[in-house]
């Protein structure tokens, strides 16, 4: 897949995740190319967000491994920026726009260090890129939905990562924000950065993204838009789950068979 | 009856005998009252628990304190009914605030609970300290409701306690179906046209009543445990609500018996803390030793499963060895097995011994050999393993390298029905993704 | 007069320490864990006292921190392994610990310098009389009230921790998974905060007792939460609310001859009530004037 020496931004191997005893993702493996926009697509409850969280180490993996540029996450944490789903954020939190964006810089700082002038400049630039500079002193609850989304994109931008993981950035935003996000994608791509998004709108997926990963509790297909965006794959993705796979994996978790096995 | 005396110390034997001869009528009344309270509080607490509002009882108990003090200040009497109504009122105000704050301000539910609890409690203490500075009669003993003191209860207290707990139990019995439905799925209950508001109010009323009436016995500070701990313990015993509630009620009653005993033997001891400690011990026992969901049971099951898995793995390895020799060789030794499957020698020997015990494998000077039944089982396992591999390969589109580790596990839990389903989905496939033949079903071999 | 000053100084330090720590508890939605720890700390104090037979500050603080962390950890484990709701597991743990504490106090009533009353109220009025003396108890130098020293030291610890860890604490409170994605050790900061809560509650114990400390932890911080626009603002406001509660509460207790600590807690509640009412009135007014632009 990689003729040159550079490793893929994300390599997922045999990833398994569950919610209590219900299997959410079973045996997912794929590798993504660098410098592309990649969409994770699938029906509701297919495990799209879970996949993103599993990749970022935000939710535990039952099994499997994820490599970033050929290395474990701990080594590449700062090269990876995460944009959470808007619903997950406590908008009542007493914090203003600038402080949220500066959070993107904290990862680089030691415990006793304070953000430097350079950090502020980077945050400023990120806000300007997303046309949010005028709002820098607003408390986050006083922003519209699209503006809130842009603040979090600016935060990710300020982190100056090479890989961006976003959970439904287009969900419920206004036209202006949608345009701003597409513009942002273009700029990031021009710099050779990789963007992975959970996306739910099949109408726009071909337009906004270069690559698609179809997920429905398992990997259905992954590849460039031209080759994988087919009727067959869509049918497989949205056509329901493999009940036998699901049932048996659940039984396995319930009996904790996977643990029994590790110990023999 | 004799059971209870076991918990006593020899020196208090006489006292206990007196107690259980019921010569002390007052002690008997206290016992009955506390048992009733233990039952009703545990049962009503069960509904609070199901509605994921376990600590509401805690806040409501604290919120009762200023009501008691206000009632005393206003009416200058310690008539239990007056106290009860005062407590009921302020608990209800507390309940309203807990509900109102998160709905109308940014304050989150957990903070609303903590705010209400601590503010009302402070208000109660402030009034109590104020009362203690006043020149009024009867004021001593008011502070007993902080930790509860069974020995200090009067006949009137117990009469009230009896009426209230019976009222609570009666209501639970009458409205059990509705309360269960609402606790389980409020939205659905609403869609059925049930007046959810009414039953929520009823539930709140019953909780508040149980809490308030228990203050004399358990005290403000620890009342929460009586509502919460029994049902948490009972959940380890059953999944069925009616059973959970019955068990919770029994645990509540048991802890009431234990703690009033202690209070009888040592009147200076506050009852509440002892009730909480006995409840917590019952909780711990339930968590560890409950027959179906206890941790010990889970641990043993896991151990048994591990044993089964290693046995089956050895059987399947023996099958593979047989297969490699085209079923011409039947005896294999330890290194043969270990060459195919990395099992530590001790574990392997132990497993083979237990397989021998089940007549699946026999050991002789020539090595180990599977018996006919052993062979049958091994064939079936291999069949399941390879069927599953084929399924993953064909339906889930995993590569042959990826399918093996999955199949290693699933083979142990596939049942006959699923096996047939697999076969149907795979139609006429006779070899697994690695090219090995899938053995025929056992039924046909026989 | 000097006694009043000692009392006010102690109460103020208690209020400010609680407000600072409490703000993070509110934001992390862990007020109930704070409640639980403040109860459990009693057991820590009693055990530490019975085990070492001393009331020296390090012993008390050590005992409290151990039992506080144990409470947080046990509640967490019960939630995970016992599959109980998290508030239920908190409730089971802290009621047990508190009950054990009360029982031990009753059993060793003669030996422990604690009684059930002071567990609840604290004895801030007696704070000035329990002083630390340097050197010979008879002739040595009086260094001031023990309780003031205790809360003074804890206040410094809290203040320095927040100054240094501000950014991390802010990120962890704001969005834990974001913090994880930035490589921040969320579990460490969780237990760090729990340590601060334990220290604060035990140092406040002498002054305000086990339960009123909950009021000081959550109420001023909640008032500040309602109006603050940034975390720094919230910390300042919470401290101000705490101090105001101390002043008002002290005056009220003087007037009514009621418990000082209870009056302080009640005043804190009164200030919260006033804040909520003011916000409600503003909301109503805005609703009445629909033409006026609203913020955004």
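Every number here is computed from the coordinates shown, using simple stated rules; none is lab data. Keep in mind that what you see is a predicted model, and the values were worked out from it rather than measured. Backbone-built Cβ (ideal geometry, glycine too); neighbour counts: all protein chains shown.
So in segment A:128-231, what percent of DSSP beta bridges are antiparallel if you round to the nearest 5? Walk me through the numbers before you get to the answer.
Values: 5 of 10 bridges.
DSSP beta bridges in segment A:128-231 are roughly 50 percent antiparallel.
The alpha carbon centroids of segment C:82-111 and segment A:144-176 are separated by 46 Å. If R0 is 51 Å, the Cβ-Cβ spacing of residue B:174 and residue B:296 corresponds to a FRET efficiency of close to 0.85.
At 222 nm, what helix-only mean residue ellipticity would chain A give, in deg cm²/dmol to the nearest 500, using -39500 (n - 2.57) for each DSSP H run of four or more? The partial results should precede the final answer.
Details: 11 runs with 102 residues, N = 264.
Mean residue ellipticity, 222 nm, calculated: -11000 deg cm²/dmol.
Of all DSSP-defined beta bridges confined to chain A, some 55% are antiparallel rather than parallel.
Helix-only arithmetic for chain B: the sum of -39500 (n - 2.57) across DSSP H runs with n ≥ 4, divided by the residue total, places the mean residue ellipticity at 222 nm at -24000 deg cm²/dmol.
Between residue B:404 and residue A:13, what FRET efficiency follows from the Cβ-Cβ distance if R0 is 22 Å, with the result rounded to 0.05? Each step should come with its number before you reach the end.
Working: r = 14 Å, r/R0 = 0.64.
Given R0 = 22 Å and the Cβ-Cβ separation, E is 0.95.
Each of the peptides A:246-258, B:324-336 was scored by the mean count of other Cβ atoms within 10 Å over its residues; in descending order, highest first, they stand as A:246-258, B:324-336. Per residue of peptide C:212-223, the mean number of Cβ atoms on other chains within 10 Å of the residue Cβ is 5. I need the calculated FRET efficiency for the pair residue A:142 and residue C:107, taking r as the beta carbon distance and R₀ as 51 Å, to the nearest 0.05. Plugging the Cβ-Cβ distance into 1/(1 + (r/R0)^6) gives 0.35.
Nearest-5 percent of antiparallel DSSP beta bridges in the protein assembly as shown? Numbers along the way, then the final one.
Values: 28 of 45 bridges.
Bridges in the protein assembly as shown that DSSP calls antiparallel: roughly 60 percent.
Sort A:216-227, C:216-227, B:339-350 by the packing proxy (mean of other Cβ within 10 Å over each peptide's residues), most packed first.
In decreasing order of mean packing, A:216-227, C:216-227, B:339-350 become C:216-227, A:216-227, B:339-350.
May I ask you to compute the full-extension gain from residue C:185 to residue C:156, defined as 0.36 nm times their residue separation minus their alpha-carbon distance, rounded to one decimal in nm?
Going from the current span to full extension adds 8.1 nm.
Please list log₁₀ I(q)/I(0) at q = 0.05, 0.06, 0.08, 0.10 Å⁻¹ for the protein assembly as shown, using the Debye equation with identical point scatterers on the alpha-carbon positions. Debye output, listed in q order: -0.39, -0.56, -0.95, -1.27. The separation of segment A:35-56 from segment C:221-296, counted between C-alpha centres, amounts to 44 Å. Considering only alpha-carbon pairs that sit under 8 angstrom and 6 or more positions apart, the relative contact order computed for chain B is 17 percent. Note on chain C: with a GNM built from Cα contacts shorter than 10 Å, the maximum mean-square fluctuation among C:164, C:37, C:47 falls on C:164. With respect to chain B, whose longest principal axis is taken over its alpha-carbon atoms, helix B:80-104 is tilted by about 50°.
Normalised by residue count, segment A:139-264 yields a Cα convex hull volume of 194 Å³ per residue. Counting Cβ atoms of other protein chains within 10 Å of each residue's Cβ and taking the mean over peptide C:97-105 gives 6. Over chain C, Cα pairs under 8 Å with separation of 6+ residues give a relative contact order of 28 percent. Remark: mean inter-chain Cβ contacts per residue of B:388-394 equal 2, using a 10 Å Cβ-Cβ cutoff to other protein chain atoms. Running a GNM on chain B with Cα contacts under 10 Å, which residue among B:30, B:362, B:221 ends up with the highest mean-square fluctuation? Per the Cα network of chain B with a 10 Å cutoff, B:362 tops the list.
P(r) tail, chain B: Cα-Cα pairs separated by more than 33 Å, 55% of all pairs. For the peptides A:22-28, C:195-201, residues were scored by their other Cβ atoms within 10 Å and the scores averaged per peptide; the highest-first order is C:195-201, A:22-28. Have a look at C:167, C:136, C:185 and tell me which one the Gaussian network model of chain C (Cα, springs below 10 Å) gives the largest fluctuation. Ranking C:167, C:136, C:185 by mean-square fluctuation puts C:136 first.
Each Cα pair under 8 Å and six or more residues apart adds its separation to the average, and for segment B:297-370 the resulting relative contact order is 34 percent. Taking label positions 7 Å along the Cα-Cβ direction at both residue A:238 and residue B:24, the computed distance is 7.6 nm, reported to one decimal. Each part gets one Cα centre, and for segment B:133-167 versus segment A:178-250 those centres are 67 Å apart.
From the C-alpha gyration tensor of segment B:297-370, pull out the three semi-axes of the equivalent ellipsoid (sqrt of 5λ each), sorted largest to smallest, in whole Å.
Details: eigenvalues 108, 30, 24 Å².
Sorted largest first and rounded, they come to 23, 12, 11 Å.
For the pair residue C:227 and residue A:116, label points projected 7 Å from Cα toward Cβ lie 3.9 nm apart. Please check which bits of segment B:281-300 a label hung off residue A:259 would reach, taking the label as a point 7 Å along Cα-to-C-beta and the cut-off as backbone N under 17 Å. Counting backbone N atoms under 17 Å from the label point, the list is B:287-290, B:292-300.
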